[in-house]
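Q: For reference, the structure I am asking about is given below.
The values are calculated or read from the model by the stated rules, or taken from the named source; none is laboratory data. Not measured: the values here are computed from a predicted model. Cβ placement follows ideal geometry from the backbone for every residue including glycine, while neighbour counts extend to all protein chains displayed. Accessible surface is based on the protein model in full, side chains and every heavy atom, while ligands, DNA and RNA are left aside. Shrake-Rupley method; radii C 1.70, N 1.55, O 1.52, S 1.80 Å.
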Amino acid sequence: MFGYLIDVEVTSPPDDSISCLAFSPPTMPGNFLIGGSWANDVRCWEVQDNGQTVPKAQQMHTGPVLDACWSDDGSKVFTASCDKTAKMWDLNSNQAMQIAQHDGPIKAIHWIKAPNYSCIMTGSWDKTLKFWDTRSPNPMMSLQMPERCYCADVVYPMAVVATAERGLIVYQLENQPSEFRRIDSPLKHQHRCVAIFKDKQNKPTGFALGSIEGRVAIHYINPPNPAKDNFTFKCHRSNGTNTTTPQDIYAVNAISFHPVHGTLATVGSDGRFSFWDKDARTKLKTSEQLDQPITACCFNHNGNIFAYASSYDWSKGHEYYNPQKKNYIFLRNAAEELKPRNKKW
Amino acid sequence: MGRKKKKQMKPWCWYCNRDFDDEKILIQHQKAKHFKCHICHKKLYTGPGLAIHCMQVHKETIDGVPNAIPGRTDIELEIYGMEGIPEKDMEERRRVLEQKNQETQKKKQNQDDSDEYDDEDEPGPSFQQPAAGQPQAGYIPSMSQPGMPPGSGAPGIPPGSYSGHSPYRMIPMGGMLPPGPGMPPMMAGVPPGMPPPVAHRPGITHMAQVPPAANMLTRPAVPAATVPSAQPDVTKPLFPIAGQSQQTVSGSPHPPPSTSSDPSKPTFPAYTQATVAVVSPNSGSSTVSKPPSTVTSKPATLTTSSATSKLIHPDEDISLEELRAQLPRYQRSVPRQAQSTATAPSMGPVGGMISPQQPGMRHPLPGQYGGPPQGMPGYMPGGMPPYGQAPPVVPPGFQGAPPRPPMGMRPPVMSPGGRY
């Protein structure tokens, strides 16, 4: 892959904050990146082996796009928006059609590929989690959640949803989706992002949960020893242990796991990204500080590319929003920096 | 352990009030958190030692012990492990512990078990080990029991999502849940918000916190509890497959009583507990261990939660996206017909990539929107894109919103001095 000293800037970035990024699955040759934004659009770029990015296409919603995902075969992109709809974008024909409807903005969308069914899962601020066969206007299933969906992740057969008021629900997806367990939050602040990780046998076994308080919890579903195995760590904070100035604590905006190494990346409102090894419980790297928060991130299917978006996340409120400020998506060579450390304990 | 006898209680750090199992660990903690030079990261042995080091080596004075809670920052007190703690603080500590034990039998102190990772790879987080005998919860049956209280479950789930019966066994928390599938009178006496002993360890025993919620949901219909198997190996399935009767309970030496239930709670106790559990004595390090309600207490946009830290987040309990979506400029745009006059194509310097006359590129102004949702073919000329070109298509069927007059989103401007 490309190996350069500075991170590559993606051409033609969206005109407003980027809410989500997703790389194409391994079933497709090459790397295609989609990014949704608050400009109501979702764009698709081809990322070539030399690092060049080529804008390919885009689709629009009638409200900001909050999440997007790929089908497992890479032929479709699903997008979720504040306009309360989700769309299926057929990339071959470049046509998009609505496949889901909620009573509130849809915050999370994921494709589920089970042996006996395939569907789209949408989590909304209307406190429901719905599952859609894309051919039918009515949901296959609708599950009530205790609160608004703030983030979700799916790694078959497991799904995790984190909601407002620090709600946390695990679903199992075998045969059909059902609620598996509600978990008391390991964090004391608002949930913001969640990502499932897998064990050495490549089965989902737990998740990382990030909050607005610069902290990530690593939580296993069925650990041998929860007290020892589950833990939290602080991240995206400033000022170290200097007692004279207060420490600034930033939200964790997104978490992504490296598909090969199992190490993770976190990006925060402080404008930095960090790489971590959750098994060795160490930090691998923290980036320099960008001048805008980092709002989204993702790895490509083989873990060679780390994409992250630099745009305003509203963490300082409306006053700090500058619509003229350019938004960026960067690509970084991730092949080396996310290798795990040797276990220390 | 330690160099002198412990003063009849678990070692604790005078600077930040944290508990430790072992005085050695306490000392490691103090060296790392309180006696570490912020300039050169050298670990000293005492507060005065750190002060002297900073003065001599860096020519800098420090005014307090790092990461100490207010009132405990005295740099001149020579404290090492448990030695040097003023007697009155020891007394106070004993009293507080007594109080805690008495009034909150079932609550344990919340432990912030994270030490920030740094490149020096400090020893793993210091957990406060849960009291012995806390069983782990095994698999909880899927929440598809009939007759669930409203709002608690998923009404959309047909019962029997696991082939009509649940192979899951319920492992209720010992001590809280008496045996028997009925409604034991003891349950009625439990206040709805009262968590079982293990529930207050959000940082630690997450497994253990599940049963209260599960108890409520898994009604007496759930079969009797099972015998837990030995420690599982890594290859056990995450969720037991329907039809298998194998026990895939994560190891717990504590034989659980049979199923009990807690029918009367209309809401998930886990959530009310979670908010209660937030109160944490541990604020010595620069963590912000405050209850979520504090976030909304101040009118300013930046919430100052303590003297040592500040959360960079608007002072409201909703998410950043919800806050942002309230703005008029992000309200639902009106689907429009294709415009012949283009709004400025905003694909930036990559000219020609997206043909400029395509409508719907962008809506730069609030309330205005440049086009219906449609395909946007824009390809590198000469390339071989995998996606074929296609004419724009109006989505069939599901129109998100009824068509509205273009400027209908804004109410008419009020005439001055009048009302309309």
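Q: Scanning the stretch A:86-121 for residues that are of a type in the set (S, T, N, Q) and in contact with an Asp or Glu (Cβ under 9 Å, 6 or more places away or on another chain), which turns out surrounded by the most Cβ atoms within 10 Å (Cβ to Cβ)?
A: The selected residue is A:Ser118.
Q: Please note which strands (runs of 3 or more DSSP E) are completely contained in the stretch A:204-259 and include at least 2 residues that are more than 9 Å from every other protein chain (Cβ to nearest Cβ), open to solvent by 10 Å² or more (accessible area, probe 1.4 Å) and touching a Cys at 6+ places or on another chain (Cβ under 7 Å).
A: Filter on the stretch A:204-259 gives A:252-257.
Q: Please determine whether any residue of the stretch A:325-345 is hydrophobic (A, V, I, L, M, F, W, C) and surrounded by fewer than 17 Cβ atoms within 10 Å (Cβ to Cβ).
A: Yes: one or more hits.
Q: Okay, next question. B:Asp22 versus (1) surrounded by fewer than 18 Cβ atoms within 10 Å (Cβ to Cβ); (2) closer than 19 Å to A:Gln247 by Cβ: which is the lone unmet condition?
A: (2)
Q: Of the numbered conditions (1) assigned to a loop (DSSP other than H, G, I, E, B); (2) surrounded by fewer than 24 Cβ atoms within 10 Å (Cβ to Cβ); (3) among the acidic types (Asp, Glu), A:Asp153 fails exactly one; give the number of that condition.
A: For A:Asp153, the failing item is (1).
Q: Something else about it: May I ask you to list the residues in the stretch A:264-299 that are among the β-branched types (Val, Ile, Thr) and either open to solvent by 10 Å² or more (accessible area, probe 1.4 Å) or within 23 Å of A:Ala68 (Cα to Cα) (or both)?
A: If the condition is that a residue be among the β-branched types (Val, Ile, Thr) and either open to solvent by 10 Å² or more (accessible area, probe 1.4 Å) or within 23 Å of A:Ala68 (Cα to Cα) (or both), then A:Thr266, A:Val267, A:Thr286, A:Ile294, A:Thr295 are the ones that fit.
Q: I need the full set of residues from the stretch A:48-75 which are within 19 Å of the chain's Cα centre (by Cα) and either within 20 Å of A:Gly123 (Cα to Cα) or of a type in the set (A, V, I, L, M, F, W, C) (or both), in order please.
A: Result: A:Pro64, A:Val65, A:Leu66, A:Asp67, A:Ala68, A:Cys69, A:Trp70, A:Ser71, A:Asp72.
Q: Among the listed residues A:Arg166, A:Arg181, identify the single one that is closer than 22 Å to A:Ala254 by Cβ and among the charged types (D, E, K, R).
A: A:Arg166
Q: So, one more: Could you tell me which numbered condition A:Arg181 fails, if it satisfies all but one of (1) open to solvent by 10 Å² or more (accessible area, probe 1.4 Å); (2) assigned to a strand (DSSP E or B); (3) closer than 27 Å to A:Val216 by Cβ?
A: Every condition holds for A:Arg181 apart from (1).
Q: Would you be able to say whether some residue in the stretch A:166-174 is charged (D, E, K, R) and either within 7 Å of chain B (Cβ to nearest Cβ) or buried (at least 24 other Cβ atoms within 10 Å of the Cβ) (or both)?
A: Yes: one or more hits.
Q: May I pose another question? Find the residue count for the stretch A:134-146, including only residues that are open to solvent by 30 Å² or more (accessible area, probe 1.4 Å) and in contact with a Ser or Thr (Cβ under 8 Å, 6 or more places away or on another chain).
A: So the answer is 3.
Q: State whether the residues of the stretch A:299-313 include one that is within 13 Å of chain B (Cβ to nearest Cβ) and over 20 Å from A:Ala265 (Cα atoms).
A: no
Q: While we're here: Which numbered condition in (1) more than 20 Å from A:Phe273 (Cβ to Cβ); (2) touching a strand residue (DSSP E or B) at 6+ places or on another chain (Cβ under 8 Å) is the only one that A:Asp73 fails?
A: (2)
Q: If you go through the stretch B:46-62 one residue at a time, how many are assigned to a loop (DSSP other than H, G, I, E, B) and either touching a residue at least 40 places away in the same chain (Cβ under 8 Å) or more than 14 Å from B:Tyr15 (Cβ to Cβ) (or both)?
A: Residues that pass the stated criteria total 3.
Q: Out of the residues in the stretch A:309-323 that are hydroxyl-bearing (Ser, Thr, Tyr) and open to solvent by less than 10 Å² (accessible area, probe 1.4 Å), which is farthest from A:Thr263 (Cα to Cα)?
A: A:Ser315
Q: Out of the stretch A:132-150, which residues are outside any loop (DSSP other than H, G, I, E, B) and within 9 Å of chain B (Cβ to nearest Cβ)?
A: Listed by number, the residues that qualify are A:Met141, A:Ser142, A:Leu143, A:Gln144, A:Tyr150.
Q: Taking the condition of being surrounded by 24 or more Cβ atoms within 10 Å (Cβ to Cβ), within 13 Å of A:Ala96 (Cα to Cα) and more than 7 Å from chain B (Cβ to nearest Cβ), how many residues in the stretch A:69-85 meet it?
A: 4
Q: Return only the number of the condition from (1) out of contact with any Leu (no Cβ under 6 Å at 6 or more places or on another chain); (2) within 18 Å of A:Val10 (Cβ to Cβ) that A:Ala307 does not satisfy.
A: Checking A:Ala307 against (1) out of contact with any Leu (no Cβ under 6 Å at 6 or more places or on another chain); (2) within 18 Å of A:Val10 (Cβ to Cβ), the one that fails is (1).
Q: Okay, moving on. Tell me, which strands (runs of 3 or more DSSP E) lie completely within the stretch A:18-127 with 3 or more residues that are free of Cβ contacts under 8 Å to residues at least 24 places away in the same chain?
A: Here the list reads A:95-101.
Q: Take the residues of the stretch B:47-72 that are in contact with a helix residue (DSSP H, G or I) (Cβ under 9 Å, 6 or more places away or on another chain) and open to solvent by 20 Å² or more (accessible area, probe 1.4 Å): which is nearest to the other protein chains (Cβ to nearest Cβ)?
A: B:Ile62
Q: Looking only at the stretch B:37-46, filter to residues that are open to solvent by less than 30 Å² (accessible area, probe 1.4 Å) and of a type outside the set (Val, Ile, Thr); which one of those is nearest to the other protein chains (Cβ to nearest Cβ)?
A: The residue in question is B:Cys37.
Q: Which members of the stretch B:31-45 meet the condition of being out of contact with any strand residue (DSSP E or B) (no Cβ under 6 Å at 6 or more places or on another chain) and assigned to a helix (DSSP H, G or I)?
A: Matches in the stretch B:31-45: B:Ala32, B:Lys33.
Q: Further question on the same structure: Looking for something under 15 Å from the mean Cα position of the chain (by Cα), among the aliphatic types (A, V, I, L, M) and more than 9 Å from every other protein chain (Cβ to nearest Cβ) - is there at least one such residue anywhere in the stretch A:279-290?
A: no
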